[in-house]
Amino acid sequence: MRRGSLRQTQNFKIRILPNKIGWARLGLVVGKRVGNACVRNSVKRRLREFFRLNRHFFPPGSDVVIIAKAGAGAKESEEMNQELGSVFS
C-alpha cells in the first residue's frame, strides 16, 4: 500500500498500485464508522457499480483500493459518482 499513489476526496481515499496482470482490479474498505451493515453494503454496491460502468477511466494494470471515510454512507449515488469521477477523469 505504501508504494502506490494516494488521492483523497471528502469521503474517500483512493490508493492506486501497479500490478502485473494487465487489467484494473478493485478493492474496497468500508469500515464500521461508515454506518451499520446495511449502509456499508449499500456503499460497497454503489462503488462496485461505479467501477463497472467506468472501468475505462481506471488505469490498466493497476489495483485500485477505495477506502470509505465516515461520511460516505450519507451520500447519494450521483454525488458519489461525481466525487469519484473527478478523481479518475
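A few comments on the model shown:
- Cleavage-rule hits (GluC sites (Glu not before Pro)) in the chain: DSSP loop, at most 11 neighbouring Cβ within 10 angstrom: 76
- The apolar share of the surface of the range 1-66, taken as the fraction of accessible area on carbon and sulfur atoms (1.4 Å probe, ligands and nucleic acids excluded), comes to 51 percent.
- Linear extension gain, residue 32 paired with residue 45, 0.36 nm per residue minus alpha-carbon span: 3.1 nm
- Mean accessible surface per residue for the chain, computed with a 1.4 Å probe while every protein chain stays in place, in Å²: 63 Å²
- DSSP beta bridge pairing in the chain, given as percent antiparallel to the nearest 5: 70 percent
The values are calculated or read from the model by the stated rules, or taken from the named source; none is laboratory data. The structure presented is a predicted model; accordingly, all values stated were derived computationally and were not measured. With ideal geometry, Cβ positions are generated from the backbone for all residues, glycine too; neighbour counts draw on all protein chains shown. For accessibility, only protein heavy atoms count, side chains too; no ligands or nucleic acids. Shrake-Rupley method; radii C 1.70, N 1.55, O 1.52, S 1.80 Å.
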